[in-house]
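Step one of this worksheet: look at the structure below.
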Amino acid sequence: MIFKQTFWQIIGKIITSISTFIILGIIARNYHEAGAGIFTLVLTYLTMFNLLVDFGFNAHVLRKGQWQWNKLFGTRILWSLVLVILAISTLFFWPFANAEFKVAVVFGSLAVVGSAVFITCNLIFQSKLRYDFSVLSSGTGTLIGLLFYILLSSKNYPVAYLLLAHSISWLSIALFSLILVKKYLSKLLPSFDYQYTQSLFKDSWPLAATLALNVVYFRVDSFLLASLKGISEVGIYNVSYSIFQSALVLPTFIMNAYYPLMLKSFAKIKIMAIFLAGLSLAGSLLTWIWAPILISVLTGGKGFEGSIQSLQILSLSFPAFFLSSLLMWFFLAKGMYKKMLVIYFFGLVINLGLNSILIQSYSFYGASYVTVISEYLILIMQIFVLRGILHP
C-alpha cells in the first residue's frame, strides 16, 4: 500500500519536476543569472506562504481521526487570504525587494489561495489513500501552467509577468482537485465557523510555529544571499537548490503514504529508517556524479558553473534530510508539537548564524555548506529527544 501511494506521488513529481526544469531552462537561457535570481527568489518567497497555508491542520486532524471538511475548507480559505495580504504588504520591509520583485509577487500571490484549496482536498485524498487523484489534479494544473510560461516567455514579457503563469497553474490545480474530491463529498462549499476556526488554531499553533520555523530555516539562505551578495548569486544558487529540492520530496511522499499507517502502529519504523537511509545514500552518490550533466542540460552551461559544485555539496545532506523527515512525522504522530518547535527553533538560530558568517566570505558555496551542517544538527537533536522518550 505504501509503495502504491508513493508510486503515484513519484509520477506526479516527475511531471512537476520536468515542468519545473523546463521553466528554469527557459529562464536561465533567456533571462540569464539576474533573471533567474529574480524569478527563483520570488518563487522562494511565495512558496513560504504556500507552505504556511497548511498551518499543520491536515496532520492535526488526521491524528485526531475526525474532521469537518467544509469548516476546515472555510478556515483555510480565510487563512490563505490573510497570507496573500501579508505576502504583499510586507514587501516594503525587504531590502532586496526592488520594483520588479514586488510586481512579480503581486502577480504570483493568488497561488497561495490555490494551494490552500489543494491542501484541503489532499486531506481527503490522503485519508482515502487516493494519491492518484492528487497526482491527476496537480499534474494537469502544472501542465496548464507550463503552457502559459512558454507563451509569456515566447512573447518576451519581463520576468515579473511570468508569475501570472504560476498563479494560473495553482488555481487550475485547485479547480481539478475540487472536481475529484466531489467523489467523496456531497457538499463542496466552504463553511465559516468562528469557534471551529479558533479551536483549530489553538490546537495546531505549536505545529504551525514549527512549520513556520522550518520554512524560514530552509530558505533564509536565499534572502541573505540576495541582501549580502546580489540577485545574480541567488540565481546560481537557486538553480542548484531547485534540483536538490526536487529530490527532497521523495521522503515526503513516502511519509505521506506511511503516516496513516504509522498512526495505527510503529512496528515497521526501523525498517522504514533503514530503507530511507539506503535510498538517501544512493541519491547522494548519483547526484554528485550527475551534477555537471544536470546543470549543463538545464542552463545551457553558460554562467551557472558554480551551480555544479553547489549541488554536489547540497547532495551530502540527503541522509540527514531523509531520516529527519521520518523522525518529524514520528513526533507528529505522538503529538509532540512543542518538542519539534524547540528543535527547529535552535536549528534556525544556528542556520542564521552560520549563513551570516559564511555567505559573506563564500557566497552560495557557504550557503550550501550551511544547509548540510544545519540538517545534520537537526537530525542529531531529534535523535537525542527520541532517546529521551524511549529511555527516560
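The values are calculated or read from the model by the stated rules, or taken from the named source; none is laboratory data. Keep in mind the model is a prediction, meaning the values are calculated, not measured. Quick reminder, even Gly has a Cβ in these numbers, built from the backbone with ideal geometry, and neighbours come from all protein chains shown.
Applying the condition of being of a type in the set (Val, Ile, Thr) and surrounded by fewer than 19 Cβ atoms within 10 Å (Cβ to Cβ) to the range 267-299 and asking which residue is modelled with the highest pLDDT yields Ile289.
Counting only residues that are assigned to a loop (DSSP other than H, G, I, E, B) and either modelled with pLDDT under 75 or among the charged types (D, E, K, R) (or both), the range 208-266 holds 5 of them.
Residues that are more than 30 Å from Glu100 (Cα to Cα), polar (S, T, N, Q) and out of contact with any Gly (no Cβ under 9 Å at 6 or more places or on another chain): does the range 157-177 have at least one? The answer is no, given that none of the residues of the range 157-177 is more than 30 Å from Glu100 (Cα to Cα), polar (S, T, N, Q) and out of contact with any Gly (no Cβ under 9 Å at 6 or more places or on another chain).
Of the helices (runs of 4 or more DSSP H) lying entirely inside the range 298-392, the ones with 1 or more residues being among the charged types (D, E, K, R) are found at 337-390. Take the conditions (1) under 25 Å from Ile254 (Cβ atoms); (2) buried (at least 24 other Cβ atoms within 10 Å of the Cβ); Gly139 misses just one of them, which is (2).
Among the residues of the range 105-121, the ones that are over 17 Å from Phe148 (Cα atoms), touching a Phe, Trp or Tyr at 6+ places or on another chain (Cβ under 6 Å) and of a type in the set (A, V, I, L, M) come to 1 in all. Based on what the data block shows, is Leu123 at pLDDT below 85 and buried (at least 20 other Cβ atoms within 10 Å of the Cβ)? Yes: the conditions hold for Leu123. Among the residues that make up the range 101-117, is at least one of them of a type in the set (Val, Ile, Thr), closer than 26 Å to Met336 by Cα and crowded, with 18+ Cβ neighbours inside 10 Å? Within the range 101-117, none of the residues are of a type in the set (Val, Ile, Thr), closer than 26 Å to Met336 by Cα and crowded, with 18+ Cβ neighbours inside 10 Å.
Pairing residues of the range 343-372 that are closer than 23 Å to Val239 by Cβ with residues that are in a helix (DSSP H, G or I) and of a type in the set (Asp, Glu), at Cβ distances under 8 Å and at least 6 apart in sequence or on separate chains, gives Asn351/Asp221; Asn355/Asp221; Ile359/Asp221; Ser363/Glu233; Phe364/Glu233; Ala367/Asp221; Val370/Asp221; Thr371/Asp221. Taking the criterion of being farther than 20 Å from Met336 by Cβ and modelled with pLDDT of 65 or more, the residues of the range 61-75 that qualify are Gln68, Trp69, Asn70, Lys71, Leu72, Phe73, Gly74, Thr75.
Is one or more of the residues making up the range 316-326 at pLDDT 80 or above and more than 30 Å from Ile236 (Cβ to Cβ)? Yes, because at least one residue in the range 316-326 is at pLDDT 80 or above and more than 30 Å from Ile236 (Cβ to Cβ).
Say whether the condition of being more than 21 Å from Thr40 (Cβ to Cβ), touching a residue at least 60 places away in the same chain (Cβ under 8 Å) and surrounded by 21 or more Cβ atoms within 10 Å (Cβ to Cβ) is met by at least one residue in the range 151-166. No; the residues of the range 151-166 include none that is more than 21 Å from Thr40 (Cβ to Cβ), touching a residue at least 60 places away in the same chain (Cβ under 8 Å) and surrounded by 21 or more Cβ atoms within 10 Å (Cβ to Cβ).
Taken over the range 288-346, the criterion of being in contact with an Asp or Glu (Cβ under 7 Å, 6 or more places away or on another chain) and aliphatic (A, V, I, L, M) is satisfied by Ala320 alone.
Here Gly141 meets each of (1) assigned to a helix (DSSP H, G or I); (2) over 25 Å from Phe223 (Cβ atoms); (3) modelled with pLDDT under 90 with one exception, condition (3). Restricted to the range 1-21, and to residues there that are closer than 16 Å to Thr140 by Cβ and of a type outside the set (Ser, Thr, Tyr), the residue that is modelled with the highest pLDDT is Ile18.
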